[in-house]
Amino acid sequence: MRLTASVAVVGGGVVGSAAALFLAERGEDVVVLERASGPTQASVRNAGGLRAQCRNRTERRLALASIALWRDLAARTGIDIEYRQGGNLRVALAEPTLDALAAQGVEEAEDGLATEIWDRAALRRRAPHLSARFAGAKYCATDGHANPILATWMVVNAAKAAGVRYLTGADATHLDVDGGRVRGLRATAGGEVLHVEAPTVVHAAGPWTAALAATIGVELPLTPARNAMLVSERVPPLLAEFVSSHELKVYLRQARAGQVHVGGVFTVDGTFDQRVTHAEIAHLARAVEILPELGRMRILRTWAGTLDLTPDHLPLLGTPSGVDGYLVAAGFSGHGFCLGPAIGRTVAELVTGEPTSVDVTPLHPDRFAAC
Amino acid sequence: MSADVAVVGAGAAGLRAATVAALAGLSTVLVDSYERSGGQYYRQPVSTPHLPSRTQVEGRRLVDAAYTAGVELRNSTSVWDATVSPDGGVTLRLTSGDRLSTLECRALVVATGAHERVVPFPGWTLPGVYTAGAVQALHKAHGVAVGQRVLFAGTGPLLLVAAAGTRAVEVLEASRLAQAGARHPLATAAGLWRQGERLREGLGSAWRLRRAGTPLRTGWGIVRALGDDRVEGAVVARLDADWRPVRGSERALVCDAIATHYSLVPDTDLLRLLGAAMEHRPELGGWVPSRGPLMATSVPGVFAAGDCTGIGGAGLSLVEGELAGHGAVRHVTGREPRRLPLTALRRERRFQRLYGALFTPRPGLAVLARPDTVVCRCEEVTRGSVDAAMTAGARTVSSVKAVTRCGMGPCQGRICLPAVAQLTAAGPPPEARAPLVPVPFEAVASCG
Ligand SMILES: Cc1cc2nc3c(=O)[nH]c(=O)nc-3n(C[C@H](O)[C@H](O)[C@H](O)COP(=O)(O)OP(=O)(O)OC[C@H]3O[C@@H](n4cnc5c(N)ncnc54)[C@H](O)[C@@H]3O)c2cc1C
Ligand SMILES: Cc1cc2nc3c(=O)[nH]c(=O)nc-3n(C[C@H](O)[C@H](O)[C@H](O)COP(=O)(O)OP(=O)(O)OC[C@H]3O[C@@H](n4cnc5c(N)ncnc54)[C@H](O)[C@@H]3O)c2cc1C
């Protein structure tokens with residue numbers, strides 16, 4: 001089978017779907033190829049954190065733009081994505097950790113992001129359910145969280161409503177390049193070969209991006225990594241904030257239905273295997289050290305998703321030199337749910353040649369090629 | 001803790017497998033979630049106002065045999081995680097109340113049984129709706145009757161057996177038993193040949209129902225339950241060949257409780273967690289492990305027997321358990337088994353085939369749930385949400401689960417996902433992940 005489009009997007013996760021949505025809104029004729037039956041990977045397996053604080057400057061600006069876009073999309077579509085602006089709380093065990101967090105706040109204020117430092121007493125008062133052992137915390141009231149499953153499907157459906165052809169069960173196998181330009185791609189769908197002719201290809205296939213890019217000589221420094229989560233039984237409301245500790249390497253949030261979701265600030269690198277090991281479960285259970293009341297609860301389920309880590313943990317966004325029309329949007333290193341809509345909009349701006357709303361030149365994929 | 005052989009599930013299959021292993025001189029541990037051994041059929045009562053029944057006496061003998069052979073029985077203990085070790089053994093993680101422990105074994109027999117399939121229909125979440133197995137258990141264990149006029153509906157021998165012990169108004173068996181018998185009279189005869197005990201049990205139930213004046217209708221089923229706060233009645237109808245209600249045949253009846261039973265679904269989580277290769281066999285109850293000689297699964301050292309490998313009844317479970325026990329012994333010692341119950345196996349397989357031909361749920365049942373009917377009780381997901389998710393592009397069980405949260409509650413989808421599977425396209429078997437049963441946070445955190 002053959003079809004033509006002005007833009008072909010590989011990967012129907014939150015990033016690919018958001019790119020498709022903003023491209024279609026700019027009048028592009030977009031086809032998305034997703035090899036599963038829909039978004040089934042990191043985009044629907046993540047912790048739902050929507051956070052601008054404690055980030056690199058470029059990511060911070062993207063995150064601020066993206067949180068606004070998430071709210072706007074939910075308002076436009078009327079879909080409840082369980083968004084909650086409950087704040088983001090980065091807790092610190094040691095005084096030096098708190099000092100480092102405070103220093104970050106200065107740069108954030110320059111970008112218009114307001115945060116607060118809570119000392120031990122303030123933390124006890126403002127978040128009484130948390131363990132008393134923390135020296136303090138950095139708090140960002142405008143951050144929050146949402147249900148990633150509902151949110152990602154909202155983007156997929158908005159893209160479809162904007163005219164995007166979202167093909168499922170379509171596995172991209174070849175990128176067609178000729179004379180330094182991308183011409184389209186080939187995929188297998190339902191046992192058949194599908195040829196897509198398109199002058200622009202957006203590659204947003206998460207950790208699977210590297211293998212296909214390598215077939216046209218583009219080496220992307222992406223490491224697949226497993227990141228596990230667990231969820232408690234439903235419990236009455238305990239906390240509004242998304243709380244994380246980089247010292248204990250765990251974070252948690254309470255979903256609207258009452259379950260506490262626990263994630264890890266650690267990964268198992270170099271694997272696509274999504275089976276959760278006992279060591280990971282035991283580490284995640286240490287969330288009781290943040291929220292002691294978890295100790296009386298039971299762990300209900302666990303799962304894992306695959307991250308796409310880059311050496312500097314910043315995304316790869318842009319056209320690698322030598323392949324015109326080919327745009328990479330991958331390497332989100334565990335931050336891509338929050339950033340999805342802003343990345344999608346930036347991709348659309350890059351494709352149509354508009355000036356980008358946020359300067360993303362520091363994210364260019366060629367930044368590693370030099371060294 | 002470690003053992004040569006670990007057996008999970010102390011029902012017919014597990015008790016027999018553990019006994020065989022222990023008699024061969026191997027250290028053997030038998031783990032079961034319940035306080036009492038025996039599994040679904042042979043479970044021993046904690047205390048009973050009645051004289052022990054024939055099955056209880058039989059069960060007592062099985063448990064005693066295991067005990068005498070030297071099996072270490074670990075009851076009130078569930079397996080919540082399991083891993084295959086690089087050296088070939090298996091590590092089981094156990095939870096018992098708030099305590100966690102591990103059990104290393106060289107061979108593992110999985111005999112986790114099956115649970116009743118639930119088919120959602122309007123009103124099925126009303127107080128007063130039970131499964132036939134629950135009605136039977138309440139009656140057996142505590143002498144409690146769930147109602148004075150109980151409607152039984154669904155498919156499978158348990159429907160009849162459970163009804164015979166209670167005050168049933170009507171028993172509706174979806175399958176047209178007579179027709180199946182008439183079309184395969186030989187199969188029926190052969191299948192039941194030498195099934196004296198079972199036949200007596202079945203006839204006994206039918207006779208007791210008849211004496212009580214309870215109508216038994218085949219080719220009929222329940223359409224919906226009536227009542228606001230609890231069951232007050234039901235609408236029932238004749239079913240077509242696909243078990244879809246025949247328009248115009250509906251009729252209402254008064255009842256104060258409803259017991260449904262739509263055959264059984266094998267409990268395969270532990271097998272899937274261990275990575276055993278699975279195959280889809282509707283006539284056996286759904287996804288079941290592929291097996292080689294002596295009940296070996298595709299995972300070296302892991303054997304599977306009884307209802308968790310396909311619904312086949314207590315008799316087949318006993319035989320398979322014995323074979324799996326020999327499989328485990330051979331895996332650990334290299335000794336070839338001497339005498340295998342192959343004749344009994346062939347006989348029981350005939351019964352299993354007959355069971356599958358008669359009692360495999362048909363697709364028409366899927367039309368019972370209306371858009372506002374709850375499908376997943378834990379997460380309160382309706383049939384309408386499932387349909388909407390499918391319209392939006394979710395086509396497999398796992399994507400419907402991701403979109404709707406159906407199956408993400410405490411029962412881990414054991415109840416609702418088989419019903420969702422009837423609606424969705426065939427996909428791979430749902431992933432199983434630890435914990436197989438909820439585990440206490442504190443204990444897991446401190447064992448890290
Ligand atoms: C446990 C966990 C917690 C996280 N928590 C957060 C958080 O709190 N906040 C946050 O912002 N981020 C979080 N993340 C990260 C975030 O989920 C990801 O960065 C984001 O989902 C990336 O989106 P994506 O669309 O690039 O990737 P994916 O969702 O992985 O989508 C890639 C898609 O491409 C498809 N695909 C791959 N190859 C092909 C091919 N050849 N042809 C067709 N299709 C193909 C895949 O099937 C997949 O659907 C977390 C991630 C995990 C795993
Ligand atoms: C409600 C009900 C009533 C039945 N009534 C009859 C009847 O009247 N006549 C008849 O012939 N057949 C009946 N059957 C079918 C019959 O029970 C089976 O065919 C046979 O007993 C199956 O034996 P088994 O050893 O395979 O499993 P079971 O007897 O089901 O035993 C499995 C055991 O495994 C344990 N287990 C499961 N998972 C775990 C875990 N993760 N950790 C620890 N333990 C675990 C369970 O607690 C259970 O005790 C009934 C089945 C059910 C469900």
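Brief remarks on what is shown
- For the pair A and B, the buried accessible area comes to roughly 2700 Å² in total, with a 1.4 Å probe and the value rounded to the nearest 100.
- With the simple spin-label model, which puts each label point 7 Å out from Cα in the Cβ direction, the residue B:298 to residue B:388 separation comes to 3.7 nm.
- Charged neighbours of residue A:172, selected by a Cβ distance under 13 Å, balance to -1 (K, R count +1; D, E count -1).
- Within the straight-line cut-off of under 29 Å between alpha carbons, the lysines reachable from residue A:138 are A:249, sequence neighbours fewer than 8 places apart in one chain being disregarded.
- Residue B:270 accessible area, assembled protein chains, probe 1.4 Å, Å²: 10
- Label-to-label distance for residue A:107 and residue B:346 is 7.9 nm, based on points extended 7 Å past Cα in the beta-carbon direction.
- Residues in region A:91-116 reached by a label modelled at residue A:240 [backbone nitrogen below 19 Å; 7 Å Cα→Cβ]: A:91, A:114-116
- Among A:292, B:368, B:15 the positive-end extreme of the charge dipole of the protein assembly as shown (Cβ point charges): B:15
- Fully extended contour minus Cα-Cα distance, from residue A:256 to residue A:4, at 0.36 nm per residue: 86.5 nm
- Surrounding net charge for residue A:132, when Lys and Arg each add one and Asp and Glu each subtract one, Cβ distance under 12 Å: +3
- Surrounding net charge for residue A:229, when Lys and Arg each add one and Asp and Glu each subtract one, Cβ distance under 12 Å: +4
- Rounded to 5, percent antiparallel among DSSP beta bridges of the protein assembly as shown: 60
- Rounded to the nearest 20, the Cβ-based charge dipole of the protein assembly as shown about its Cα centre (Lys and Arg +1, Asp and Glu -1) stands at 3540 debye.
- Alpha-carbon centroid distance for the pair region B:299-335 / region A:276-298, whole angstrom: 36
- Listed by number, the DSSP H helices of chain A that run 20 Å or longer by alpha-carbon position along their axis and have mean Kyte hydropathy of at least 0.5 are A:336-352.
- Protein accessible area in chain B, 1.4 Å probe - carbon and sulfur %: 54
- Heavy atoms of residue B:238: accessible area, 1.4 Å probe, square angstrom to 10: 120
- Classification of region A:88-141 by its C-alpha gyration tensor yields an oblate form. The axis ratio a/c (a ≥ b ≥ c) is 1.5 or more, and b/c is at least a/b.
- Interface residues, region A:274-317 - accessible area loss of 30 Å² or more versus chain alone, probe 1.4 Å: A:278, A:281, A:282, A:285, A:288, A:295, A:298, A:299, A:300, A:301, A:302
- Just checking the listed ones, B:383, B:230, B:43: in the Gaussian network model of chain B with Cα springs under 10 Å, the one fluctuating most is B:230.
- For region B:241-300, the set of GluC sites (Glu not before Pro) satisfying both a DSSP loop assignment and a count of at most 15 other C-beta atoms within 10 Å is given as B:250.
- Rounded percent of accessible protein surface that carbon and sulfur make up, chain A, 1.4 Å probe: 53
- Threshold 20 Å² - residues in region A:24-44 whose accessible area is reduced by that much or more when the chain is no longer isolated, probe 1.4 Å: A:37
- Looking at chain A, the DSSP beta bridges with both ends there are about 70 percent antiparallel.
- Computed [θ] at 222 nm, deg cm²/dmol, the protein assembly as shown (DSSP H ≥ 4; -39,500 (n - 2.57); rounded to nearest 500): -9500 deg cm²/dmol
- Rounded Å value of the spacing that divides the Cα centres of region B:117-154 and region A:35-64: 47
- Relative contact order, percent, region A:123-263 [alpha-carbon distance under 8 Å, six or more residues apart]: 14
- For chain B, the membrane-span-like helix rule (DSSP H, alpha carbon extent of at least 24 Å along the helix axis, mean Kyte-Doolittle at least 0.0) picks out B:313-333; this says nothing about an actual membrane.
- Cα-centre dipole for chain B with unit charges at Cβ (Lys and Arg positive, Asp and Glu negative), debye to 20: 1500
- For residue B:273, the accessible surface of its heavy atoms amounts to roughly 30 Å² (probe 1.4 Å, protein chains only, rounded to the nearest 10).
- Magnitude of the charge dipole, region B:287-374, Cβ model with Lys/Arg +1 and Asp/Glu -1, debye to 20: 360
- For region B:1-142, the square roots a ≥ b ≥ c of the C-alpha gyration tensor eigenvalues yield an a/c of 1.5 or more together with a/b not exceeding b/c, which makes the shape oblate.
- Only Cα pairs under 8 Å and 6+ residues apart enter the sum, and on that basis the relative contact order of chain A stands at 24 percent.
- Solvent-accessible area per residue for region A:223-309 (1.4 angstrom probe, square angstrom): 33
- Working from Cα pairs under 8 Å separated by at least six residues, relative contact order for chain B is 18 percent.
The values are calculated or read from the model by the stated rules, or taken from the named source; none is laboratory data. Model, not experiment: these values are computed from the prediction. Because the Cβ atoms are built from the backbone with ideal geometry, glycine has one as well, and the counts that use them run over all protein chains shown. SASA here: full protein model, heavy atoms, side chains in, ligands and nucleic acids out. Shrake-Rupley method; radii C 1.70, N 1.55, O 1.52, S 1.80 Å.
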